[in-house]
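Asks: For reference, the structure I am asking about is given below.
The values are calculated or read from the model by the stated rules, or taken from the named source; none is laboratory data. A quick note: this is a predicted structure, and the numbers were derived from the prediction, not measured. Heads up, the Cβs are rebuilt from the backbone with ideal geometry, glycines too, and the neighbour counts pull from every protein chain shown. Surface areas here come from the heavy atoms of the whole protein model, side chains and all, with no ligands, DNA or RNA. Shrake-Rupley method; radii C 1.70, N 1.55, O 1.52, S 1.80 Å.
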Amino acid sequence: MPKVIPKPPVRHRAHILYRSLRAVVTRRPPAHDGPGTSAIRHSAELRTMVLALTLTEIPVAFLVSAILPPPARPFHALLELALILTGFGVLAALTRNPHTVTASRVVLHTGFMGSLDLPRPAVRSAALSLRTIPGRGLRRVPAEPAAVACSLGGTISVRLHLDPPVPMELGDGDAVDVDTVYVSADTPDAFARALRERAGPRDRGAHGR
């Protein structure tokens, strides 16, 4: 059975960012570091954008602080610190939560807005699929009732075919039988290769196409 984690509330998202940033600072080994596990990074475009905005915010914070009246500077400093730490927290969450493939599970992450843990035998094939799907996190796909998207941003690069369809509850009260999952992957070829390498005898023909 799949393990579905829908979009968490804002407070929980903030906790995920904090834990991820603390883990990076303390150099804690990621949970996916282990034999028999393939990790595939995702959301490269979003990571690049967040990094650029966060690094730009640092000098901007000092410039703005210099023109503010002294009584307002402590409050501005706190606001800027929160913004900068949030940016680095997003980067840490995306880096420490890649997609993972093992012989038994395929776990798809968004970083901090939900995840999808699928049985490996249910994922029959992977194909390149460059498109944009509105929304963020784990969500339904417009005009495709049997499809879901699992990505932090709208850019999708891989389509996974599930056979047989997998029943899912996405947190909106309605269950759906899903046969297609769209995800973002920095290296779609590496994702497909990891699925082939972890495939059982029933799946090897499908992934070889």
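Asks: Sorted from largest down, give the three principal axis spans of the alpha carbons of the range 1-126, whole angstrom values.
Replies: Cα spread of the range 1-126 along its principal axes, largest to smallest: 62, 27, 25 Å.
Asks: Okay, moving on. Please report the relative contact order for the chain, taking Cα pairs under 8 Å with a sequence separation of at least 6, and give it as a percent rounded to a whole number.
Replies: Worked out over the chain, it gives 23 percent.
Asks: So, with a 1.4 angstrom probe, what is the percent of accessible area on the chain that is carbon and sulfur?
Replies: 63 percent
Asks: Between the range 1-21 and the range 146-162, what is the C-alpha centre distance in whole Å?
Replies: 19 Å
Asks: Given 0.36 nm per residue, what is the gain on full extension from D174 to R193 after removing their alpha carbon distance, in nm?
Replies: Result: 3.5 nm gained on full extension.
Asks: So if I average 1/r over every pair of distinct C-alpha atoms in the range 98-146 and take the inverse, what Kirkwood radius in Å does that give?
Replies: For the range 98-146, inverting the mean 1/r across all distinct Cα pairs yields 12.5 Å.
Asks: Could you do me a favour and compute the accessible area per residue for the range 1-115, 1.4 Å probe, result in Å²?
Replies: So the range 1-115 comes to 60 Å² accessible per residue, rounded to a whole number.
Asks: Which peptide among 60-67, 114-121 comes first, and what is the full order, when sorted by highest mean count of other Cβ atoms within 10 Å?
Replies: Top to bottom by mean Cβ count within 10 Å: 114-121, 60-67.
Asks: Further question: Provide Rg and Dmax in Å for the range 71-131, with only Cα atoms included in the calculation.
Replies: Final numbers for Rg and Dmax: 18.5, 61 Å.
Asks: Separate question: Rank-order 31-40, 12-21, 103-112 by packing density, defined as the average count of other C-beta atoms within 10 Å over each peptide's residues, highest first.
Replies: 103-112, 12-21, 31-40
Asks: Now for a different question. Contour minus end-to-end for S65 and M1, with contour as 0.36 nm per residue of separation and end-to-end as the Cα-Cα distance?
Replies: Computed gain between S65 and M1 is 17.8 nm.
Asks: Would you mind computing, in nm to one decimal, how far apart the modelled labels at H15 and R131 are, each placed 7 Å from Cα along Cα→Cβ?
Replies: 3.6 nm
Asks: To continue, here is another question. Classify the range 106-203 from the C-alpha gyration tensor, please: rounded if a/c falls under 1.5, else prolate or oblate depending on whether a/b exceeds b/c.
Replies: It comes out oblate by the Cα gyration axes.
Asks: Still on this structure, I have one more. Per residue of the range 178-194, what does 6.51 cos²θ - 1.76 cosθ + 1.60 with θ = phi - 60° give for ³J(HN,Hα)? Whole Hz please, x for Gly and Pro, Karplus curve as stated.
Replies: Per-residue couplings from phi come out as 9, 10, 9, 10, 9, 9, 9, 9, 5, 10, x, 4, 5, 5, 4, 5, 4 Hz.
Asks: For D163 and A44 in one chain, what is 0.36 nm times their gap in residues minus the Cα-Cα distance, to one decimal in nm?
Replies: My answer for the length gained is 40.0 nm.
Asks: Another question, then. Which of the peptides 80-87, 157-164, 95-102 is most tightly packed, and how do the rest follow, going by the mean number of other Cβ atoms within 10 Å of each residue?
Replies: 95-102, 157-164, 80-87
Asks: Then there is this: From the phi of every residue in the range 45-50, what ³J(HN,Hα) in whole Hz does the Karplus formula 6.51 cos²θ - 1.76 cosθ + 1.60 yield, where θ is phi - 60° and glycine or proline is x?
Replies: Using θ = phi - 60°, the values come out as 4, 5, 4, 4, 5, 5 Hz.
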